[in-house]
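Engineer: Let me begin by handing over the structure; questions about it come next.
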Amino acid sequence: MSNDSASPSLPQELIDQLIEERRKHHVPSQLRPLAQQFVQQSLGVLFPHFAPTVVCNEDAVREDLIQLEESLRRLERSIATLHEAMPERLVERFLAALAEVHRRLADDAQAIFEGDPAAKSVDEVVLTYPGFFAIAVFRIANLLHRLGLPLLPRLLTEVAHEKTGIDLHPGATIGRRFCIDHGTGIVIGETTHIGDGVKLYQGVTLGALTVEKGLADAKRHPTIGDEVVIYAGATILGGQTNVGHHSIVAGNAFVTSSVPANSVVTRKNDVRPRSSGASMFDDVDFVI
């Protein structure tokens, strides 16, 4: 459109500012759609439940992996235009680690199935559970994060965040057999460390006590031990906060100090041994 046909009501100051913004931040226009496509491709390669078509032979699997490899290389080239430091042999290292990601996700799906009486099969979990979808995307993003790729891991977890309402930072450390039930509103921060066999319900926050840029490289988020159950709406904050293994945290509890192993934390923030008897059921929200 020529300047002669432009609307005289358009403020020139705004036009100049937007031109300058586009010059300063030349983000490849296809980066976000490519990231969304990569999520679907990755999940489709790992689980036929997500694939548009399924052919069960070696040639078909090899072709799917080649297409996934090409997608990651396109993303790598796009991100390289924004970041000077890029990891070496990224694609090869990603593909080499993908078998372990698949094993971990199979364990996650089994844990969700075993932990939810409403689940009728592992296939149902993989096909329909938002918790599994968010965990699957996290594990792919976490692998890329550990390999040193900038930006893309956050783009991938935001795909899951937008779809499920579950916000898992790709830098978090999450052990095996991770179970998210329902899941909406869960937030897990970057330096969270979660052990094996942990189960979270909706609305759980594993966050930081303070938000300061100077703490970017510090341990800001809690550590959760093995086989811990955290019920709906609980908030656990702080890099020095440790929830010991085999503990239970009640719904709506607010925890900012460490909890010994084999404890029950009630919504009133009382902490007592799990062996204290049936009275603990009065204070702990179980299945929602």
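Here, each number is a calculation from the coordinates, and none is a lab measurement. Worth saying up front: this structure is predicted, and the values here are computed from it rather than measured. All Cβ positions, even for glycine, are placed from backbone atoms using ideal geometry, and neighbour counts span all protein chains on display.
Engineer: For the chain, give the share of DSSP beta bridges that are antiparallel, in percent and rounded to the nearest 5; count only bridges with both residues there.
Structural biologist: The antiparallel proportion sits near 10 percent.
Engineer: Tell me, how many Å apart are the Cα centres for the stretch 65-111 and for the stretch 151-172?
Structural biologist: Cα centroid of the stretch 65-111 versus Cα centroid of the stretch 151-172: 15 Å apart.
Engineer: Using the structure shown, list the pairs from LYS120/LYS199; LYS163/LYS268; LYS24/LYS219 with a Cα-Cα distance above 30 Å, or answer none.
Structural biologist: As for pairs spanning more than 30 Å Cα to Cα, those are LYS163/LYS268; LYS24/LYS219.
Engineer: What number, rounded to the nearest 500 deg cm²/dmol, is the helix-based mean residue ellipticity at 222 nm of the chain, given -39500 (n - 2.57) per DSSP H run of at least four residues and division by all its residues?
Structural biologist: Computed ellipticity for the chain at 222 nm equals -13500 deg cm²/dmol.
Engineer: Residues with beta-carbon under 13 Å from that of LEU237, excluding LEU237: net charge, scoring Lys, Arg +1 and Asp, Glu -1?
Structural biologist: Surrounding charge for LEU237 is +2.
Engineer: How much net charge surrounds PHE178 when only other residues with a Cβ under 12 Å from its Cβ are counted (Lys, Arg +1; Asp, Glu -1)?
Structural biologist: Counting the neighbours of PHE178, the net charge comes to -1.
Engineer: Now, a different point. Could you tell me which residue out of VAL125, ALA85, ILE140 lies farthest along the dipole of the stretch 85-141 toward its positive end? Charges go on the beta carbon: Lys and Arg +1, Asp and Glu -1, centred on the Cα centre.
Structural biologist: ALA85
Engineer: Oh, and also: Would you mind calculating the relative contact order of the chain from Cα pairs under 8 angstrom and at least 6 residues apart, reporting the percent as a whole number?
Structural biologist: In percent, rounded to a whole number, it is 10.
Engineer: Rounded to two decimal places and with Rh computed the Kirkwood way over Cα pairs, what is Rg over Rh for the stretch 176-251?
Structural biologist: With Rh from the inverse mean 1/r over Cα pairs, Rg/Rh is 0.96.
Engineer: Follow-up question, since we're still on this one. Would you work out the charge dipole size for the stretch 1-85 about its Cα centre, treating the Cβ of every Lys and Arg as +1 and the Cβ of every Asp and Glu as -1, and quote it to the nearest 20 debye?
Structural biologist: Roughly 80 debye, rounded to the nearest 20.
Engineer: May I pose another question? How would the stretch 222-264 be classified by its alpha-carbon gyration tensor: rounded, prolate or oblate, with rounded meaning a/c under 1.5 and the a/b versus b/c comparison settling the rest?
Structural biologist: Cα axes put the stretch 222-264 in the oblate bin.
Engineer: Which one is right for this structure if semi-axes √(5λ) of the Cα gyration tensor in Å is calculated from it: [x] 38, 26, 18; [y] 32, 26, 16; [z] 30, 22, 19?
Structural biologist: So the structure-derived entry is [x].
Engineer: Within a Cβ distance under 11 Å of HIS169, other residues only, what is the Lys/Arg minus Asp/Glu net charge?
Structural biologist: With Lys, Arg at +1 and Asp, Glu at -1, the neighbours total -1.
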